[in-house]
C-alpha cells in the first residue's frame, strides 16, 4: 500500500519519479532536454512557490510568513482576542473567522459557553470579523466552503487546519501565533522540507479517504518521516479521487506531525469552487516540470484496504482483514500498550469483545471535519439501505459537518435512509472528537470516522475509574459494521451499489445566519464579557537565575496535549486561565497542580517584595546549597518556578492551554528528549517557557528534585545553546552539574522568553 523512499527524488512533469543519486541529473536531462540543479528543482514544488509569495523576509531559508486569513473556534478565540487586546488590538487586519463548534452544547458551567459565543459575536462586530453561530458548521468545513483559495495560506488555532486538497497551504498553531498575525507580526520558521506523496492507481469500492489516511499515518508517524515538513500530494492517482475524498485524506495529515500540506489542483477542484459560488478562488496548481522532494511516500491506492487504528493512537494501524484474522493476538497487544498509556490506573480489556470469533463493537460515530463530509455520509447511507442497527446496545450517530451538507442529505433522501435504520443525525459539532458528546459506556469500544483516538479523548475519566476506547475507521466500514449488527466488518464486503450523488450548495443558509463584517470594524461595540471570561494574570520577566522544581515526570513514549490539559467538558473553562489551570495534567498526574502551586508561592512572595521563604521553608535549604558555589545568587536575582519532564510531549491538539496552564501555575520550562510537534514547542515559547532538551538516557534528576540554572537570562541573551544546570542535593549539600540545550530559537522568540511571555513582549504601556 505505502512505500517510503528515504532519499530525495526528482519529479518530472508531475508523473515520473527519479531517485536522487549520481545518475539522477542525466536521467532528468534525458526526459526534459535541460540541465537542472537540485537547488533549482527544489524551487519547483508547489509549497516553495506558495511560501515564497507569502514570505516577507526576503530570505527563503528563514521565512517570515503573513497569512491571508485566520480561523478559530470557541475553545480558542476568547484567549486569542484577550491576548491581542492586552497588546493594543484595534481591528482585525485580515479576514478572521470565529466559529462555534466545540463549546456548542452549553451543558457545563451554566452560562459560560454561551457567554463565550456572545463574546465572539461582539468581537467580530468590534474588530471587523466573521462570526459563525453554533451548530452551523464545524470550523474546517466552513473554511473549505467559504475561505480556502488556490495559492492562499490560512492559519488556524486548531491542529486540523488543513485545506491542501483545495490548493491552500494551511497551518494549525497555538493561539499566540494568531495573535502575532493580528498584531501585524509574522510566522517565523526555517524553510520546511517538502515530501512528495505520490499517488497512483485508484481505490477499490468500499475503500474511503480515512483508509488511505490511516495507511499513510501508520507508515510515517513513528519514524518521524514528515515531522515539521510539508506533504505535497502529486502523481497520476490524484485525478482518480473526488474532492471530498482528497479532503478526507488531507485533514488527517495532522496526525503525521507534518507542518502543512498541498495538492495539485484540476477540473475536479475547480468544480468544487464553482459549486460553492467561488470560482474566482480556483487556480491550477502543479509542480514545475522538474521538482525536487526531500523524500517520497508512494501510495498505491488500488492496494489500500479498509483500515482500523486501534487505541490509543491514529498510528496503531491494521487492515480490518488483518485484525479479524488475528483478533486474540492484536487485542492482547493493544491491551499491553494500554498499560503504558493508562499507567495501570484502571483495568483495561478488549478481548472480552470477541463474540463467537468476531469483534463486537458497541458504538459507531461518523462526525466532524474528517467524517462529516457529504460523500462519506452518502456512502454510509447506501451501505445501510434497508438495514437496521437493532435495539440492543449498539448505537450509531452521524454528524454532518455543516448545515448546507445536512440540507442536501435531506433533499437527496440520504438523511431519511440513515434515520430509518435507527441511527441518529445530529448537528454540526466537534464534540465526539474531543470528548464532549457520545461518550461510550465504561469499557465500551467505539469505532469512529473522526480525527483522534487518544486515551480518554472520547470523554471517559481515569480519575473516576472509567475507561472506554476508540478505534478510527472510515465511514463506509462503520456503516458496514452497523449493518452487520455491530460485528466489525470492512466495507469491501458490501456487494451493493455505491451511488454517485451530485452536491448542491445552498448559500442562503450562511447569508441569513452568519455575521460578516465585510472587514469593517465598529469600535463603538462593547465586548460582552461573561463572568467566566478573565484576563491573563500578570507574568514576570525571566530572572537572572532560576530555581526549578521538577513537579511531574512522564516516561510515556509520547505525551498528548489531552494529557497535559484534558479536553471534553473542561474546554468550557478555557476563557478563564486560572480556572482552567486547575485541570492541568489531572488525568496524567493529579498531584501536579498542588505541587506547581506550592513552588509558585515562593515566586509570588518574592515578586511582592516579601522573602520567598515566608511561605516556602524549602527555599532556605535550596539557596544555602546553591550559595556554596554561587555566592551572588539571592532573592533579587533568582526566581522560583516549576518544570515537568516528558519524553516527547505535545502530540495532538494545537491548544495553547497545554502550555499556558503550566505558565499561570508558575511553570518556567519543559524538559524533554524531543517535542512531538512544532506547535507545542511554539506554545511554550510564546508563554515565556524555556523549551529545554536533554539527551535520551538516564536522567540526572528525578521527580521533586530542585534544579538550579545560573545565569539563565544571560544564556538566552547570548544565544547559548548549551545551558549549565545543577541538581540541588539538599541532604548532601552539593550541586551536581548537567547540561541542557534550547534548540533553535529566533531573535524574536528569545525576546519573548526574556520578557516572560508574548503578552509582555507586545504590551502597550
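The values are calculated or read from the model by the stated rules, or taken from the named source; none is laboratory data. Owing to the predicted nature of the structure, the values given are computational and were not obtained by experimental measurement. When we count neighbours, we look across all protein chains shown, and the Cβ atoms used for this are built from the backbone with ideal geometry, even at glycine.
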Counting only residues that are within 27 Å of the chain's Cα centre (by Cα) and within 16 Å of residue 145 (Cβ to Cβ), which one in the range 259-275 is surrounded by the fewest Cβ atoms within 10 Å (Cβ to Cβ)? 273
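Return yes or no: is residue 630 in a loop (DSSP other than H, G, I, E, B), in contact with a helix residue (DSSP H, G or I) (Cβ under 6 Å, 6 or more places away or on another chain) and surrounded by fewer than 23 Cβ atoms within 10 Å (Cβ to Cβ)? Give the steps one after another, and end with the answer.
Numbers: in a loop (DSSP other than H, G, I, E, B): yes; in contact with a helix residue (DSSP H, G or I) (Cβ under 6 Å, 6 or more places away or on another chain): no; surrounded by fewer than 23 Cβ atoms within 10 Å (Cβ to Cβ): yes.
Considered against the rule, which asks whether it is in a loop (DSSP other than H, G, I, E, B), in contact with a helix residue (DSSP H, G or I) (Cβ under 6 Å, 6 or more places away or on another chain) and surrounded by fewer than 23 Cβ atoms within 10 Å (Cβ to Cβ), residue 630 comes out as no.
I'm checking my understanding of the structure. Among residues of the range 643-673 that are on the phi > 0 side of the Ramachandran plot and at pLDDT 90 or above, which one is surrounded by the fewest Cβ atoms within 10 Å (Cβ to Cβ)? Explain how you work it out, then say what you get.
Taking the range 643-673 first, the residues on the phi > 0 side of the Ramachandran plot are 650, 652, 666.
This time we only want the ones that are at pLDDT 90 or above, so: 650, 666.
Values: 650: 30, 666: 25.
By that ranking, first place goes to 666.
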Among (1) surrounded by fewer than 20 Cβ atoms within 10 Å (Cβ to Cβ); (2) touching a helix residue (DSSP H, G or I) at 6+ places or on another chain (Cβ under 9 Å); (3) farther than 21 Å from residue 111 by Cβ, which single condition is residue 528 missing? (3)
Residue that is in the same structural domain as residue 466 (by TED's automatic domain parsing), in a helix (DSSP H, G or I) and surrounded by fewer than 18 Cβ atoms within 10 Å (Cβ to Cβ), where the choices are 323, 339: 339
Would you check which residues across the range 129-175 are part of a helix (DSSP H, G or I) and at pLDDT 95 or above and list them? 139, 140, 141, 142, 143, 144, 145, 146, 164, 165, 166
Go through the range 634-675 and give me each residue that's without any contact (Cβ under 8 Å) to a residue 40 or more places away in the chain and part of a loop (DSSP other than H, G, I, E, B). 634, 635, 636, 673, 674, 675
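Would a scan of the range 732-742 turn up a residue that is within 21 Å of residue 681 (Cα to Cα), touching a helix residue (DSSP H, G or I) at 6+ places or on another chain (Cβ under 8 Å) and assigned by TED's automatic domain parsing to the domain that holds residue 647? Explain how you work it out, then say what you get.
Taking the range 732-742 first, the residues within 21 Å of residue 681 (Cα to Cα) are 739-742.
Subsequent filtering for residues that are touching a helix residue (DSSP H, G or I) at 6+ places or on another chain (Cβ under 8 Å) retains 742.
With assigned by TED's automatic domain parsing to the domain that holds residue 647 added as a condition, the list becomes 742.
Yes, there is a match, as at least one residue in the range 732-742 is within 21 Å of residue 681 (Cα to Cα), touching a helix residue (DSSP H, G or I) at 6+ places or on another chain (Cβ under 8 Å) and assigned by TED's automatic domain parsing to the domain that holds residue 647.
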Among the residues of the range 694-722, write down those that are part of a strand (DSSP E or B) and surrounded by fewer than 18 Cβ atoms within 10 Å (Cβ to Cβ). 722
For residue 312, work out the one condition from (1) outside the structural domain of residue 448 (by TED's automatic domain parsing); (2) buried (at least 21 other Cβ atoms within 10 Å of the Cβ); (3) under 18 Å from the mean Cα position of the chain (by Cα) it doesn't fulfil. (1)
Give the residues of the range 216-234 that are surrounded by fewer than 24 Cβ atoms within 10 Å (Cβ to Cβ) and under 23 Å from residue 14 (Cβ atoms), sorted by residue number. 219, 225, 229
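Hey, does the range 381-403 have a residue that's in contact (Cβ under 8 Å) with a residue 12 or more places away in the chain and closer than 21 Å to residue 215 by Cα? Let's see the steps before the verdict.
Step one: list which residues in the range 381-403 are in contact (Cβ under 8 Å) with a residue 12 or more places away in the chain, which gives 381-385, 387-403.
Among the residues that remain, those that are also closer than 21 Å to residue 215 by Cα are: none.
Checked the range 381-403: no residue is in contact (Cβ under 8 Å) with a residue 12 or more places away in the chain and closer than 21 Å to residue 215 by Cα.
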Filter result (surrounded by 24 or more Cβ atoms within 10 Å (Cβ to Cβ) and part of a helix (DSSP H, G or I)) within the range 351-373: 368, 369, 370, 371
Residue 751: passes all of (1) assigned to a loop (DSSP other than H, G, I, E, B); (2) within 28 Å of the chain's Cα centre (by Cα) but (1)
Exception for residue 120 within (1) in contact (Cβ under 8 Å) with a residue 40 or more places away in the chain; (2) assigned to a loop (DSSP other than H, G, I, E, B) falls at (2)
Which condition breaks for residue 740 when tested against (1) under 19 Å from residue 549 (Cβ atoms); (2) in contact with a strand residue (DSSP E or B) (Cβ under 9 Å, 6 or more places away or on another chain); (3) not in a strand (DSSP E or B)? (3)
Grab the helices (runs of 4 or more DSSP H) fully contained in the range 182-290, keeping just those with 2 or more residues being over 24 Å from residue 303 (Cα atoms) and in contact (Cβ under 8 Å) with a residue 12 or more places away in the chain. 267-275
